[in-house]
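The values are calculated or read from the model by the stated rules, or taken from the named source; none is laboratory data. Quick caveat, the model's predicted, so the values are computed rather than measured. Here the Cβ positions follow ideal geometry from the backbone for every residue, glycine too, while neighbour counts run over all protein chains shown. Protein only, heavy atoms only, side chains kept; ligands, DNA and RNA dropped before computing areas. Shrake-Rupley method; radii C 1.70, N 1.55, O 1.52, S 1.80 Å.
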Amino acid sequence: MFMRKILLFVFVFVTANCVAQENVEEVDTVSAEDVVQKDSAIPQYELNEFDWVDICENPKYAIVTRDDLKGIYDMELHKNVTRIEFQELAFSKQMMMEDSTYVSSFYFKRGIKAGLLSVFEETNSTMSVYSDDPDELYGLEKCTTIDKKMSKKARKMLKVFIEEQQLDNAQVVIQDANTGHLKTWVALDANIEKEYAGKLLVHSCAGSLIKPFCVAVSFERSNLSYDSIYHDMTYKEGIKRLNTEVMFHAFEQGFGEEYAKKRWKQFSNTKVPYTCPVPIAAFYTCLVNDGMVMFPTMQADSVETENDIFCPATIHELSEVLRVDKAESPQLAWLTDATSWYGYATTEDIHAEGTDTVIGKQIQFAGVFPAESPRYTICVVANRLSTDADIALLKDIVNPLSEWLLKK
């Protein structure tokens with residue numbers, strides 16, 4: 001009976017909403033056991049553990065939010081119906097089946113997938129119909145500034161880097177530091193069968209590399225400077241040593257505790273990625289262009305520019321702080337001596353789904369080189385699950401790639 005309900009619902013929904021059949025879960029080829037989500041597989045929370053609870057038009061269900069992710073909660077049974085894993089979730093409608101049971105439907109967005117998730121109210125079992133969300137994917141087909149030779153070399157180096165360091169995935173962006181043109185963007189996965197493998201995602205990494213720029217703006221709003229002291233070190237020393245506690249304190253002084261905590265958490269979140277390497281590279285390129293941010297649109301050779309985000313004096317100060325001096329920045333001592341840099345690196349924890357258990361690291365680096373006569377900006381992001389990952393691992397991709405680019 002349950003499988004019949006599923007098949008009937010698929011037919012009704014697909015014909016009513018014109019969803020392509022290839023995006024419908026093949027429920028007639030699996031057992032009901034495969035389709036029904038088991039309660040034991042879904043982490044359970046008390047209502048007071050959520051940041052927000054929004055009762056739906058069908059009051060049996062609520063959309064609950066925890067750490068910027070959403071899920072469905074049964075208000076009658078006081079149970080989570082789904083994992084807390086959706087970036088967007090909204091109640092759509094309730095439908096009555098031919099046997100007088102009900103199905104509640106929700107629009108959802110999870111990663112690059114968007115579609116409709118349906119809850120069979122009698123059992124709280126779920127199924128979904130979905131497709132790739134075009135707003136979450138970038139394409140380079142119309143970008144005329146891509147250097148094919150450079151991209152081929154970056155792809156080859158990235159593949160070796162992933163294999164030798166046992167990474168799950170990594171991506172590299174190379175931007176012309178003078179024109180803002182995107183020269184290369186390559187993303188690779190160790191498991192090519194993954195649904196995201198090799199795709200250029202709008203949201204694919206934490207925004208941690210943007211934090212130094214947030215601190216720079218904070219100094220504009222407060223009476224602090226890079227020479228101000230916190231915990232026995234200047235803010236300049238704290239940034240150069242990649243000390244996130246010192247950086248957060250500086251950010252908090254300019255924006256206030258509540259706002260600072262919220263934004264800092266968003267920047268650090270790997271579950272709900274804040275950005276991708278392209279805008280990060282654009283921010284670092286502004287270090288050598290008097291604060292002008294140049295963002296490649298991926299349309300022909302078009303570059304959008306922003307001149308009013310930072311004042312030139314602010315960027316000049318920040319560029320001096322981010323100029324790499326290995327004696328002052330021991331965490332960046334691995335950078336090649338073949339060139340000089342403005343740059344920064346960071347790590348963020350990757351947590352198991354629905355828990356606070358750390359299962360891996362996301363490591364990031366962005367830099368402009370040579371510092372004296374800038375030519376390129378590089379941004380590298382890599383993820384490694386199951387084991388820890390140190391920033392120094394990035395030497396095996398940043399150094400050979402930058403040394404090769406210097407010879408071009």
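Couple of notes before you dig in:
- Among the helices (runs of 4 or more DSSP H) confined to the range 182-298, the ones with at least 2 residues that are open to solvent by less than 50 Å² (accessible area, probe 1.4 Å), modelled with pLDDT of 90 or more and hydroxyl-bearing (Ser, Thr, Tyr) are located at 277-285.
- Residue tally, condition among the acidic types (Asp, Glu) and at pLDDT 95 or above, over the range 131-163: 1
- Within the range 44-96, the set of residues being within 11 Å of Leu117 (Cβ to Cβ), over 25 Å from the mean Cα position of the chain (by Cα) and touching a residue at least 40 places away in the same chain (Cβ under 8 Å) comprises just one member, Val81.
- Test: residue in the range 236-259 that is within 23 Å of Glu141 (Cα to Cα) and of a type in the set (A, V, I, L, M, F, W, C): no
- Selection over the range 47-77 of residues that are open to solvent by 30 Å² or more (accessible area, probe 1.4 Å), in a loop (DSSP other than H, G, I, E, B) and modelled with pLDDT of 95 or more gives a count of 5.
- Among residues of the range 54-112, those that are touching a strand residue (DSSP E or B) at 6+ places or on another chain (Cβ under 7 Å), among the small types (Gly, Ala, Ser) and under 18 Å from Val129 (Cβ atoms), counted: 4
- Given (1) open to solvent by less than 20 Å² (accessible area, probe 1.4 Å); (2) at pLDDT below 95; (3) of a type in the set (Val, Ile, Thr); (4) within 22 Å of the chain's Cα centre (by Cα), index of the condition Val173 fails: (2)
- Residues of the range 141-164 that are open to solvent by less than 30 Å² (accessible area, probe 1.4 Å) and in a loop (DSSP other than H, G, I, E, B): Thr145 alone.
- Some residue of the range 304-316 being crowded, with 16+ Cβ neighbours inside 10 Å and either touching a strand residue (DSSP E or B) at 6+ places or on another chain (Cβ under 7 Å) or modelled with pLDDT of 95 or more (or both): no
- For Phe106: the one exception among (1) of a type outside the set (Gly, Ala, Ser); (2) open to solvent by 50 Å² or more (accessible area, probe 1.4 Å); (3) in contact with a Cys (Cβ under 9 Å, 6 or more places away or on another chain): (2)
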